[in-house]
């Protein structure tokens, strides 16, 4: 539970929530995925899917901003990612949802991003799978889980998200 920012999320058995975001080549430590330079917000919670490792990591991240500019553009996807935007309703909360992908230098990242405004704040919930192409290792490394399965499991965790009364 985050009483300062007014939300809670059920923590699955065997998962240890963190108050910060670990970074990688493509998955930075910003408060939300694809945050523009100068974007203002704070990372509040991250939970990694059990089995995540240096090859593939899957995380649910929640970041929050009460900066007026961030609240205004909260539900607007980053430039170049406007295709595939849809509405999602989870636990009675309306989110704008989009998928974004990136790849560079044998690294990849897939993000299912959920954005909503509540009580004058922008909430960014990112379901992220990121890592290194396992084929660059000799012998090739094994991914701990398929990307689609990881996103499906993280999406199930999102069902435990709610705002505090």
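The values are calculated or read from the model by the stated rules, or taken from the named source; none is laboratory data. Quantities reported herein were computed from a predicted structural model and do not represent experimental measurements. For neighbour counting, all protein chains shown are included, and Cβ atoms are generated from backbone atoms with ideal geometry for every residue, glycine included.
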- Task: Of the conditions (1) surrounded by fewer than 21 Cβ atoms within 10 Å (Cβ to Cβ); (2) closer than 21 Å to residue 38 by Cβ; (3) in contact (Cβ under 8 Å) with a residue 24 or more places away in the chain; (4) in contact with a strand residue (DSSP E or B) (Cβ under 9 Å, 6 or more places away or on another chain), residue 69 clears all except one; give me its number.
- Result: (4)
- Task: Could you please find all residues in region 1-15 being loosely packed, with under 15 Cβ neighbours inside 10 Å and either modelled with pLDDT under 95 or under 13 Å from the mean Cα position of the chain (by Cα) (or both)?
- Result: 1, 3, 4, 13, 14
- Lone unmet requirement of (1) more than 20 Å from residue 131 (Cβ to Cβ); (2) in contact with a strand residue (DSSP E or B) (Cβ under 9 Å, 6 or more places away or on another chain) for residue 79: (2)
- Read through the list (1) in contact with a strand residue (DSSP E or B) (Cβ under 6 Å, 6 or more places away or on another chain); (2) without any contact (Cβ under 8 Å) to a residue 24 or more places away in the chain, then give the number of the only condition that residue 55 fails. (2)
- Message: Looking only at strands (runs of 3 or more DSSP E) that lie completely in region 73-165, which have at least 3 residues being without any contact (Cβ under 8 Å) to a residue 40 or more places away in the chain and surrounded by 12 or more Cβ atoms within 10 Å (Cβ to Cβ)?
- Response: 93-104
- Only one of these conditions is not met by residue 60: (1) under 25 Å from residue 119 (Cα atoms); (2) not in a strand (DSSP E or B). Which number is it? (2)
- Message: For region 30-52, which positions are part of a loop (DSSP other than H, G, I, E, B), out of contact with any helix residue (DSSP H, G or I) (no Cβ under 7 Å at 6 or more places or on another chain) and without any contact (Cβ under 8 Å) to a residue 60 or more places away in the chain?
- Response: 30, 35, 36, 37, 38, 50
